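Report on one structure; see the data block that follows.
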Amino acid sequence: QVQLVESGGGLVQAGGSQTLSCATSGLSFNSYTMGWFRQAPGKKREFVAAFTDDDSTYYGDSVKGRFRISRDNVKNVVHLQMNSLKPEDTAVYYCAAGGGLFPVQPSEYDYWGQGTQVTVSS
């Protein structure tokens with residue numbers, strides 16, 4: 001059974017930093033692209049970052065230069081380091097695992113975590 005469990009969410013002040021982690025089990029982690037998406041109330045799910053199985057990284061325009069994705073292929077964990085947080089970063093953040101050719105598309109992902117809330121106060 002595949003499981004993705006996010007952690008590290010919470011309340012942070014604007015300008016601060018926070019790191020999310022996603023622990024996985026039940027899948028061949030090294031073979032999957034790992035992605036982070038977010039969804040704010042009333043908005044569509046938005047691509048945040050992805051780290052492919054061939055070590056390429058992708059970032060959404062709104063987080064480039066502020067967020068950094070990393071993965072540990074030994075511990076089967078993916079992290080999202082978020083810096084210079086803004087109130088508009090407030091959302092539920094989801095971890096996902098997939099193998100498609102277009103890592104920015106939610107439809108390319110097979111497995112999803114339950115999400116973790118990140119709230120950035122102004």
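If a/c stays under 1.5 just call it rounded; otherwise compare a/b with b/c (prolate if a/b is bigger, oblate if not). Do that for region 5-71, with a ≥ b ≥ c from the square roots of the Cα gyration tensor eigenvalues. Don't jump to the answer; show the numbers that get you there.
On the way: a/c = 1.66, a/b = 1.47, b/c = 1.13.
The shape class here is prolate.
Here the Kirkwood formula, the inverse mean of 1/r across different C-alpha pairs, assigns region 63-122 a hydrodynamic radius of 13.1 Å. Once the 1.4 Å probe is applied to the protein heavy atoms, the chain comes out at 52 Å² accessible per residue.
Shape descriptor for the chain: Rg over Rh equals 0.94 (Cα atoms; Rh from the Kirkwood inverse mean 1/r).
Kindly state, to the nearest 0.05, the FRET efficiency for Lys44 paired with Asp110, given R0 = 25 Å and r defined as their beta-carbon distance. Taking R0 as 25 Å, the efficiency between Lys44 and Asp110 is 0.80.
Between Pro41, Pro106, Pro87, the Gaussian network model of the chain with springs among Cα atoms under 10 angstrom shows the greatest mean-square fluctuation at Pro41. Site-free segments of the chain were taken between trypsin sites (Lys or Arg not before Pro) in DSSP loops having at most 16 other Cβ atoms within 10 Å, sites themselves excluded; the longest one is 76-122. Projecting label points 7 angstrom from Cα along Cα→Cβ for Val5 and Ser62 puts them 2.9 nm apart.
The values are calculated or read from the model by the stated rules, or taken from the named source; none is laboratory data. Please read these numbers as outputs of a predicted model, since none were measured by experiment. Virtual Cβ from ideal backbone geometry, glycine too; neighbours counted across all protein chains shown. Keep in mind that these areas ignore ligands, DNA and RNA; they rest on the heavy atoms of the full protein, side chains included. Shrake-Rupley method; radii C 1.70, N 1.55, O 1.52, S 1.80 Å.
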